[in-house]
1. For the chain, what is the number of Lys pairs with C-alpha distance below 17 angstrom, counting only pairs 8 or more positions apart or on separate chains?
2. Here are several values of log10 I(q)/I(0) by the Debye sum over Cα atoms at q = 0.10, 0.12, 0.17, 0.24 Å⁻¹: (1) -0.41, -0.58, -1.01, -1.40; (2) -0.29, -0.42, -0.81, -1.36; (3) -0.32, -0.46, -0.87, -1.31. Which one was derived from the coordinates shown?
3. For region 1-60, run through the chymotrypsin sites (Phe, Trp or Tyr not before Pro) and keep only the ones in DSSP coil with at most 14 other Cβ atoms within 10 Å of their Cβ.
4. Can you give me the distance in nm between label points at ASN52 and LEU93, each placed 7 Å from the Cα along the Cα-to-Cβ direction?
5. When the Karplus curve 6.51 cos²θ - 1.76 cosθ + 1.60 is applied with θ = phi - 60°, which whole-Hz ³J(HN,Hα) does each residue of region 26-38 get, with x for Gly and Pro?
6. Relative contact order for the chain: what percent, with Cα pairs under 8 Å and sequence separation of 6 or more?
7. Per-residue HN-Hα couplings for region 66-81, Karplus 6.51 cos²θ - 1.76 cosθ + 1.60 at θ = phi - 60°, whole Hz, x for Gly and Pro?
8. Using helices alone, what [θ] at 222 nm do you get for the chain, with -39,500 (n - 2.57) per DSSP H run of 4 or more residues, divided over all residues and rounded to the nearest 500?
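What follows draws every value from the coordinates through simple rules; no lab data is involved. Values in this document were obtained by computation on a predicted structure and should not be read as measured data. Here the Cβ positions follow ideal geometry from the backbone for every residue, glycine too, while neighbour counts run over all protein chains shown.
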Amino acid sequence: MSYDDFPFKSLLDQKAISPARLKFKSSELGQTAFTTDPEKVKKDENGDYFLNVSGIAINDNFQIMDQYGAYNKKLYIMAVPYIGGLNPDYSGLDFSEAASLRIVKDILKD
């Protein structure tokens with residue numbers, strides 16, 4: 001699903017979520033991809049290159065990330081259509097079990 005299709009429009013309007021993207025490990029490959037397809041590849045103010053993928057940005061604990069890269073301590077997302085661009089292998093009961101365990105551990109650590 002597209003970032004723009006996220007159902008909670010107030011989170012979009014408040015910039016509480018951000019589009020999913022993957023950072024290029026290699027600046028050279030990032031530059032090449034940026035030159036080839038500037039719609040899919042963006043360059044940030046630090047000169048790093050990112051590939052835009054479907055869905056919204058999350059951290060390793062499935063917390064949503066805002067436009068500034070900060071995570072929200074109270075909002076988690078496991079809905080595969082909205083995070084699948086980061087890892088297309090997210091699916092099934094194994095994923096759900098592992099993700100929910102990670103989320104519960106994160107909630108209980110505070």
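1. For the chain, qualifying lysine pairs total 12.
2. (3)
3. Working: sites: TYR3, PHE8, PHE24, PHE34, TYR49, PHE50; in loops: PHE8, PHE24.
The qualifying sites are PHE8.
4. Spacing of the two 7 Å Cα→Cβ label points: 3.9 nm.
5. Result, rounded to whole Hz: 10, 4, 5, 5, x, 4, 4, 5, 4, 5, 6, 9, x.
6. Details: 162 pairs, mean separation 27.6, N = 110.
Relative CO of the chain lands at 25 percent.
7. Taking θ as phi minus 60°, the curve returns 8, 5, 9, x, 8, 9, 9, 5, 10, 10, 10, 9, 10, 5, 3, x Hz for region 66-81.
8. Working: 4 runs with 36 residues, N = 110.
Mean residue ellipticity at 222 nm (helix-derived): -9000 deg cm²/dmol.
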